[in-house]
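Undergrad: Here it is, the structure in full.
Any read-out appearing in this document is the output of simple, stated calculations on the displayed coordinates, not a laboratory observation. What you see is a predicted model, and the numbers here were worked out from it, not measured in a lab. Every residue, glycine as well, gets a Cβ built from its backbone with ideal geometry; the counts of neighbours run over all protein chains shown.
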Amino acid sequence: MNIVIAPDKFKGSLSAQQVGQALARGVRKACPDSGVTVIPMADGGEGTMECLVDAAQGRVMRVPVQDPLGRAIEAGFGLLDNGAGITCVIEMAKASGLYLLKRHERNPLLTTTYGVGQLMKAALDTGCRRFIMALGGSATNDGGAGMLQALGAQLLDADGQQIGYGGGSLSDLASIGLESMDPRLAECQFTVACDVDNPFVGSNGASAVFGPQKGATPEMARQLDCNLRHFADLIHEATGIAIHDVPGAGAAGGLSGGIMAFLRGELASGVSIVAGVTKLEEAIQGADLVITGEGQVDRQTAQGKAPCGVARIAKAYGIPVIVVAGSIGEGIDALYEQGVSAVVSIVNRPMSLEEAVEQSEPLLEQAGEQVMRIFSCCR
């Protein structure tokens, strides 16, 4: 039998590669003669750069940037050579991610995407003109304002001074000047890997939906939404592009909308991008079973997360899919319509979250073995 294992990471525990290898060990215990192909996956969130670099045998360059609060750190971007030139993969969380902050430091009124713009400038210096922007894991809610400032845009207040960093400073914005932006950007193509359809503003927008997990109180979220709406109005004046209600423009605290408006970025499914580079569909065509998974499987998984994307590809070829999860939440029934045959938890006894994270590798190995034994019996 040929088994394809294509999981996402188990956040806070194991990378997608580690998850895949643990499952593969279990599969081989049950069926030593099976062919096993491990293809790490991602959906545009954290881990996307590593997946793409590994699949394309690319490389990572590290440069100094500012973190979400303006502190000096080092962050990396990926370089992929597909034979038609170099593509840069920027995972925004590397410079402006929530994981870079302690819980008490989370404040989207202050956090900035300036470091993302610094990564982009460094990639431009290497000669890159094609970009894949992976937007998951953001600590910011500034609509990409910090990124634009790093790229040379003039975001000026009523006195003609550059506004400060963070979503809170957008209330001071009076005009947007694009004349001093890096001219090399006009030669570039930007693909935004995005797995959400939230608009820039409104009750389902960036601030209302994602602001709280970045540290926003209800009052702060309302202020941030008002500031983003003001920003969107000025963006419309400056570019002629209205991003207020565009699906997906609210990703990464509105960074997606900023890239769409100022850099002509085009949205694409993060899973589809990763699947294309990893040649997932080609591997699945010859499989008897596909095993995928992620740390938390619930109703959001069916809304474009990696396991759902994997299942949709397998469904087209009539190949069964088993999802392995660290924990299972509500709403998984929607996955069965996407091609998933079953969802299996790795937790095999009462245990704390800390214990499950610590034991995730052996638990995954055991789950892989049990999935394979059950599948073998049913053939």
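Undergrad: Contact order normalised by length for the stretch 48-268, with contacts defined as Cα pairs under 8 Å and 6 or more residues apart; what percent is it? Before the final figure, lay out each step's value.
TA: Working: 557 pairs, mean separation 42.9, N = 221.
It comes to 19 percent, rounded to a whole number.
Undergrad: Against the longest alpha carbon principal axis of the chain, how many degrees, from 0 to 90 and to the nearest 10, is the axis of helix 218-239 turned?
TA: 70 degrees
Undergrad: Give the percent of DSSP beta bridges with both residues in the stretch 48-268 that are antiparallel, rounded to the nearest 5. List each step's numbers first, then the result.
TA: Details: 17 of 30 bridges.
Among the beta bridges of the stretch 48-268, antiparallel pairing accounts for roughly 55 percent.
Undergrad: Given +1 on the Cβ of Lys and Arg, -1 on the Cβ of Asp and Glu, and no further charges, what dipole in debye does the chain carry about its Cα centre, rounded to the nearest 20? Please report the intermediate quantities before stating the final value.
TA: Details: 28 positive and 41 negative charges, 142 e Å.
Once rounded to the nearest 20, the dipole reads 680 debye.
Undergrad: Hey, another quick one. If the stretch 48-268 were replaced by its equivalent ellipsoid, with semi-axes equal to the square roots of 5 times the Cα gyration tensor eigenvalues, what would those be, largest first, whole Å?
TA: Working: eigenvalues 130, 71, 53 Å².
Taking √(5λ) for each eigenvalue gives 25, 19, 16 Å, largest first.
Undergrad: Could you tell me whether the stretch 132-182 comes out rounded, prolate or oblate from its Cα gyration tensor? Rule is a ≥ b ≥ c as square roots of the eigenvalues, rounded for a/c under 1.5, then prolate if a/b exceeds b/c, otherwise oblate. Please list the in-between numbers first.
TA: Details: a/c = 3.23, a/b = 1.42, b/c = 2.28.
Judged from the Cα gyration tensor, the stretch 132-182 comes out oblate (a/c at least 1.5, b/c at or above a/b).
Undergrad: Next question. Nearest-5 percent of antiparallel DSSP beta bridges in the chain?
TA: Around 35 percent of the beta bridges assigned by DSSP in the chain are antiparallel ones.
Undergrad: Could you work out how far helix 306-316 tilts from the main Cα principal axis of the chain, as a 0 to 90 degree angle to the nearest 10?
TA: It works out to around 60 degrees.
Undergrad: Cα centroid distance between the stretch 327-379 and the stretch 55-100, in Å?
TA: Going from one Cα centre to the other spans 32 Å.
Undergrad: Binning at 10 angstrom from zero up to the longest distance, how are the C-alpha pair distances of the chain distributed in percent?
TA: Here the calculated profile for the chain is 5, 24, 31, 23, 12, 4, 1, 0.
Undergrad: Have a look at Val297, Val344, Val192 and tell me which one the Gaussian network model of the chain (Cα, springs below 10 Å) gives the largest fluctuation.
TA: Of Val297, Val344, Val192, the most mobile in the Gaussian network model is Val344.
Undergrad: Moving on to the next point. Have a look at Gly143, Gly215, Gly167 and tell me which one the Gaussian network model of the chain (Cα, springs below 10 Å) gives the largest fluctuation.
TA: Most flexible of the set in this elastic network: Gly215.
Undergrad: Given a 10 angstrom Cα cut-off, can you work out which residue in Glu337, Glu46, Glu361 is the most mobile in a GNM of the chain?
TA: Highest fluctuation among the options: Glu337.
Undergrad: Taking C-beta distances below 4.7 angstrom as the pairing criterion, name the unpartnered cysteines of the chain, in sequence order.
TA: Within the chain, the cysteines lacking a partner Cβ under 4.7 Å are Cys31, Cys51, Cys188, Cys194, Cys226, Cys308, Cys377, Cys378.
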